[in-house]
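Scroll down for the structure; my scribbles are underneath it.
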Amino acid sequence: MVNVIINGHKMNVPKDYTILKACDDLGIHIPTLCHDERIDPHAACRLCIVEIEGMDELPTSCSTKVKDGMKIKTHSNRVRKARKDILSLIVANHPLDCIMCDNSGNCKLQEYCYEYGISEVEFKGEKKNYKTDYSNPFYYSDQNKCINCGKCVRICNELQCVGAIGFNERGFKTHIGAPFDMELNESECVSCGNCVSVCPVGALMPKIKERIRYEELKEVRTTCPYCGVGCQMDLLVLDGKIVDVKPADGPSNENLLCVKGRFGFKFLDHPDRLKKPLIKRDGKFVETSWEEAYKIIAKNIKKIKNENGPDAFAGFSSARCSTEENYLFQKLFRAALGTNNVDHCARL
Amino acid sequence: MTNSIKEIEGTDLMFVTGSNTTENHPVIATKMRRAIKKGAKLIVADPRKIELADDADVFLQIRPGTNTALFNGLMHVIIKEGLEDKNYIENRCENYEALKELVKDYTPEKVAEICNINSKDLIKAAKLYAKANKASIFYAMGITQHTTGTYSVMAIANLANLCGNIGIESGGVNPLRGQNNVQGACDMGALPNVYPGYQKVEDSEVNKKFEKAWESKLSDKVGLTIPEMLDSADNGDVRFLYVMGENPMISDPDTNHVEKVLNETEFLVVQDIFLTETAELADVVLPAAAFAEKDGTFTNTERRIQRIRKAIDAPGEAKPDWLIIMEIMNSIGYDKKYNNPAEVMEEIASVTPQYGGISYDRLALKVDGLGLQWPCPTNTHQGTKYLHKGNHARGKGLFLPHDHSDSKELPDKEFPLIMTNGRVLYHYHTRSMTGRVKGLNEKAPESYIEVNPSTASKLNIVNNEKVKVISRRGEIKTKVKITDIVAPNVVFIPFHYKEGSANVLTNPALDKIAKIPEYKSCTVRIEKL
Ligand code: SF4
Ligand code: SF4
């Protein structure tokens, strides 16, 4: 542990911490567009600069470790002015149709511009003019909005380990894409969406039909319903519907998901969902009430139990259902019906 | 899994066999690749040149159904070279002499012949595995879905014990469970021979305990497995079948037989979120809530119990499965009531030693949002990261050596190709969920058969051509995909699709012990249309 003074307050923090991490733990918010806990600091956006007593330049807090006795100012006038300049430069090349942007309300750039009082474009720069790549069924890439923070490229390379995207061309023309700017859907991309989830602006966006009012979104933490990895994710709920999914920091997935967990939720409100109990009459299904369905089931159980005893019953439980439901299912067969004829498709 | 997913990044070597991890457990595969970047070695043994094979230090493209021979061969080399962990074997294992005796015959040359691989690669793999400090084995259905599946699983455990890799961090034997909660379903005794917590139904003490807890007379007779249930329904012994959240019409082997049985079963209840192929055959269909519409827990492949939480309402009158089951229980005179799944978990904890310390209070986000890994016997226990630490759970690690035996069907004149099957990245099991997600269907719209270029040219078939694939049980039509992912005598079909369903062809022959059908190896022929 080392002692540092942050904004005049004495603090005790672990010695391997960066200034950014130390501040984050202490609840001091430093803006950054390119930082991600899971990968090494990159200092690409430079927004996280701070002032350290005795140093001339302003170092990036994401890549500077704390030192004993360090005196740090995170929001001094000098720092604020420098951040404002950085933001203005980014915005100079950024389209200003925020009202039209799908990411409005969720955009880090928008948030910081507001916070740092950037209202009009101070540096009039050249705007980019790329065609939006809509080829992938789950997300699109609008490179006109990209700020080249590089997060997506690094997530795809270093965490997802697919390496589908990279920086194409140089200088002002630098943009993110698959090799030779081939369409994303034709690339090595496995549609995990992990790049989309970290994009701080509206350059990589999930294809969502609904216009999202971010302030009204409810997030519900849950476990992915597909494979046995048990990835943790947040369901984003708007007006009683799930509109998107966000990876969460679970022990097995550490903020990653695969295509099924990330984009495979649309079956939930599919019109084919069963909504009422059905019984078959003359080879055709007709809707019925729960009461009636239970009555028919109970009647058949009674009859068969009387005639053949408990071993005439058998049940397929489900590796898709919850642990509690599996418990109750086997209990129904064992305790209520009296047979051990219960199994599930563990073998399949 | 004996070990945890997080431990993958710390391993020195991964041996991945019978698991196409990048497509079936994608997020685990990302961890494997990160381990490789950090310097871990990788051995892959699989009939298909799966994506991970590209990253492998040794890739063994084995003939389907020869896993046991492969493991025995690896152990032969390790013992011959004196690379076994003598201390570990001496202190922690038993029956070593029998293993030594059995694998003596499995020379690299003999095994290379059986598995259709190069003996040098086998030797290289054996040395790599044995010399790694912390070596971990990962396997999936490619190992278990054979008539020799249980013996292969034992052989894997033998191999891990031989090199002292059980009970250590970042090592172990790690079956990757395919379905979100197959672990929880097993833990809860959704199996014909055990109560929750793997307590045997034939054990009279256990029986008494549950009779008391459940206030009911219980049977001590081991019940039927799914394939046996279908056979019993076929001959009329089973008259009432209740299928919750499964779709045997697509997922079980020999679809034609399954359809006949389900059609003839006197009373079939199916409870699901969609009218699946199986539900179509039911007498009563009960509409269930999906994962996002209810509370509960899933237990993942590393034994971690994690919450699911209700985010939205179920459509129409659909109800959560737990409520439906309870109401059925109540309607036939078993009166126990639960107000919510948390109360069910309380009861689970009271009868299941491994879950003794699990409660919704502890799984709450602010308390332990990370979930708990069983065994977690008491409410102060922090859960178990890896098993068999210091000692094997049973006392000594027991070597259980077995000989290789061939798959039930071998190629012959009439059916010259070995067919294996599996999943693709974009779909899940029988597609009742993923098949209704537009983008996933766009990515993987239909069934196909992977055929090696040399086989294709012999048969005079071209890419995308529709062909007939025939086995002793049935025939399907599907599209040809020419690729050297498969060896010349092997073909692969994903099993997700109703049209061109692999399970029309698969062999229902069972592993005698685990009763798992031999999905991963049967013989077929391809005919031009
Ligand atoms: S979706 Fe996944 S694979 Fe595709 S570019 Fe993004 S991170 Fe890479
Ligand atoms: S997100 Fe993908 S890897 Fe994770 S649990 Fe779901 S299906 Fe498995």
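One table, with the values for the structure above:
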item	result
Subset tally (residues that are buried (at least 18 other Cβ atoms within 10 Å of the Cβ), more than 12 Å from chain A (Cβ to nearest Cβ) and more than 23 Å from the chain's Cα centre (by Cα)) for region B:416-447	1
Region B:185-209 residues that are more than 11 Å from chain A (Cβ to nearest Cβ), paired with ones that are buried (at least 24 other Cβ atoms within 10 Å of the Cβ) (beta carbon under 8 Å, 6 or more apart)	B:Y198/B:D187; B:Y198/B:G189; B:Q199/B:G189; B:V206/B:Y195
Residue match in region A:318-329 (condition: away from ligand 1 (no atom under 16 Å from the Cβ), crowded, with 18+ Cβ neighbours inside 10 Å and in contact (Cβ under 8 Å) with a residue 40 or more places away in the chain)	yes
B:T506 surrounded by 24 or more Cβ atoms within 10 Å (Cβ to Cβ), of a type in the set (S, T, N, Q) and not assigned by TED's automatic domain parsing to the domain that holds B:I50	yes
Helices (runs of 4 or more DSSP H) contained in region B:1-92 and holding at least 1 residues buried (at least 23 other Cβ atoms within 10 Å of the Cβ) and within 14 Å of chain A (Cβ to nearest Cβ)	B:21-24, B:26-37
Single residue of region B:423-449 satisfying the filter (away from ligand 2 (no atom under 15 Å from the Cβ) and among the charged types (D, E, K, R)) that is farthest from B:G500 (Cα to Cα)	B:K438
Residue that is surrounded by the most Cβ atoms within 10 Å (Cβ to Cβ) [pool: residues in region B:159-184 that are touching a strand residue (DSSP E or B) at 6+ places or on another chain (Cβ under 7 Å) and within 7 Å of another protein chain (Cβ to nearest Cβ)]	B:N181
Any pair with Cβ under 6 angstrom, 6 or more apart, that starts in region A:265-294 at a residue that is more than 7 Å from chain B (Cβ to nearest Cβ) and ends at one that is basic (K, R) and crowded, with 16+ Cβ neighbours inside 10 Å	A:E287/A:K276
Test: A:C161 is under 19 Å from the mean Cα position of the chain (by Cα), assigned to a loop (DSSP other than H, G, I, E, B), hydrophobic (A, V, I, L, M, F, W, C) and within 16 Å of ligand 2 (Cβ to nearest atom)	yes
Subset of region A:254-267 (residues that are in contact with a helix residue (DSSP H, G or I) (Cβ under 6 Å, 6 or more places away or on another chain) and surrounded by fewer than 24 Cβ atoms within 10 Å (Cβ to Cβ))	A:F267
Residue, surrounded by the most Cβ atoms within 10 Å (Cβ to Cβ), within region A:197-247, restricted to residues that are within 15 Å of ligand 1 (Cβ to nearest atom) and among the charged types (D, E, K, R)	A:D244
Any hit, region B:228-242, residues being at pLDDT below 95, in contact with a helix residue (DSSP H, G or I) (Cβ under 8 Å, 6 or more places away or on another chain) and hydroxyl-bearing (S, T, Y)	no
Residues of region A:162-196 that turn out to be within 9 Å of ligand 1 (Cβ to nearest atom) and within 14 Å of another protein chain (Cβ to nearest Cβ), as a count	14
Only one of A:V201, A:V229 that is at pLDDT below 95, among the hydrophobic types (A, V, I, L, M, F, W, C), within 16 Å of ligand 2 (Cβ to nearest atom) and not in a helix (DSSP H, G or I)	A:V229
Hey, B:A318 of a type in the set (A, V, I, L, M, F, W, C), in contact with a Pro (Cβ under 9 Å, 6 or more places away or on another chain), within 14 Å of another protein chain (Cβ to nearest Cβ) and free of Cβ contacts under 8 Å to residues at least 40 places away in the same chain or not	no
Residue that is aromatic (F, W, Y), in contact (Cβ under 8 Å) with a residue 24 or more places away in the chain and over 30 Å from B:T384 (Cα atoms), where the choices are B:F59, B:F15	B:F59
Among (1) crowded, with 20+ Cβ neighbours inside 10 Å; (2) under 27 Å from B:R177 (Cα atoms), the one test that B:A282 misses	(2)
In region B:18-56, residue nearest to ligand 2 (Cβ to nearest atom) [restricted to those that are in contact (Cβ under 8 Å) with a residue 40 or more places away in the chain and of a type in the set (V, I, T)]	B:I28
Number of the exception - A:S252 against (1) more than 16 Å from ligand 1 (Cβ to nearest atom); (2) outside any strand (DSSP E or B); (3) within 20 Å of B:R307 (Cβ to Cβ); (4) modelled with pLDDT of 95 or more	(4)
Helices (runs of 4 or more DSSP H) within region B:182-296 that include 2 or more residues within 30 Å of B:H25 (Cα to Cα)	B:182-187, B:226-234, B:248-251, B:255-264
Subset tally (residues that are more than 7 Å from chain B (Cβ to nearest Cβ) and more than 29 Å from B:P175 (Cβ to Cβ)) for region A:227-264	6
Residues satisfying the stated conditions in region B:132-143, i.e. surrounded by 24 or more Cβ atoms within 10 Å (Cβ to Cβ) and among the hydroxyl-bearing types (S, T, Y)	B:S136
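The values are calculated or read from the model by the stated rules, or taken from the named source; none is laboratory data. The shown structure was predicted, so the numbers you read here are calculated from the model rather than taken from an experiment. Using ideal geometry, Cβ is built from the backbone for each residue, glycine included, and neighbour counts are taken over all protein chains shown.
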